[in-house]
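Colleague: Have a look at this one before I ask anything.
Throughout, read-outs are computed from the coordinates displayed, never taken from laboratory work. Please read all numbers here as calculations on a predicted model, not as lab measurements. Cβ placement follows ideal geometry from the backbone for every residue including glycine, while neighbour counts extend to all protein chains displayed.
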Amino acid sequence: MNGAQFLVILLFGPETLYHRDFTQPASQELSWKTQYLSIRRIIAVPFTFADVTMPFVLLTDPRVFVATFSYNQVFGFGSIFVTMQLPILFAIKFDMGPQQCGLNFLSMLVGGVLGELIGGSFSDWWQRKGWKKEPLDHSVAPEHRLWLAYPGLALGLAGLVIFCITLDEAMHWNIRPVIGLAVVAFGFQIATTIVRIAIKKHGHRILGLE
């Protein structure tokens, strides 16, 4: 599966190693054909060792490190931990088969979809609220969105606590651990959605490149 994903990304994924012109919309930087179908060097600047070390240099900035570390922990506990532990624990504790365990993941699907929808729309509302406070030039920093990651992180951690405690206390299957999973997915999806929106829309400003 991973090999197939690698080939698909290699053949059909857009090239990312090129200098973006942040003064132009992303759609005008390179054509679709250039990004997806051209097999050639996109820029004349040669590949250097600095291109490899740049991500680690960025981590020396506390703003980048905190955001990266938070995103890493959310992914680890909100995705890897629960998806690895649920089939093992439910199979041992409730004598469930693969299909029965798989149905419990529907709670994460529902929570993740709701978190994605609410996180994005709530983030836009938060920015518009900030614009009202700055009516002259609408100069609301994109980092303003990141404040909304805190309640998402709190909800995700609360969901983990609910999942672990209710699962430990359960003598037979009940819906409480599954609700905890939904809260985990809902909260962490809000947090990651807001971080992605802030970086995608204003990444050059967040990193101080403007």
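Colleague: Between VAL52 and ASN72, what is the label-to-label distance in nm when each label sits 7 Å out along the Cα-to-Cβ direction?
Modeller: 1.9
Colleague: Among ARG176, ARG128, rank each residue by its count of other Cβ atoms within 10 Å, from fewest to most, as a rough exposure measure. Numbers along the way, then the final one.
Modeller: Numbers: ARG176 14, ARG128 11.
Sorted ascending by nearby Cβ count, the order is ARG128, ARG176.
Colleague: Give the calculated FRET efficiency between ALA170 and LEU106 to the nearest 0.05, with a Förster radius of 25 Å applied to their Cβ-Cβ distance.
Modeller: On the way: r = 18 Å, r/R0 = 0.73.
Efficiency computed from Cβ-Cβ geometry: 0.85.
Colleague: What order do you get for HIS144, HIS172 when you list them from fewest to most C-beta neighbours inside 10 Å? Intermediate results must be reported in sequence, preceding the final value.
Modeller: Details: HIS144 16, HIS172 7.
Ascending number of Cβ neighbours within 10 Å: HIS172, HIS144.
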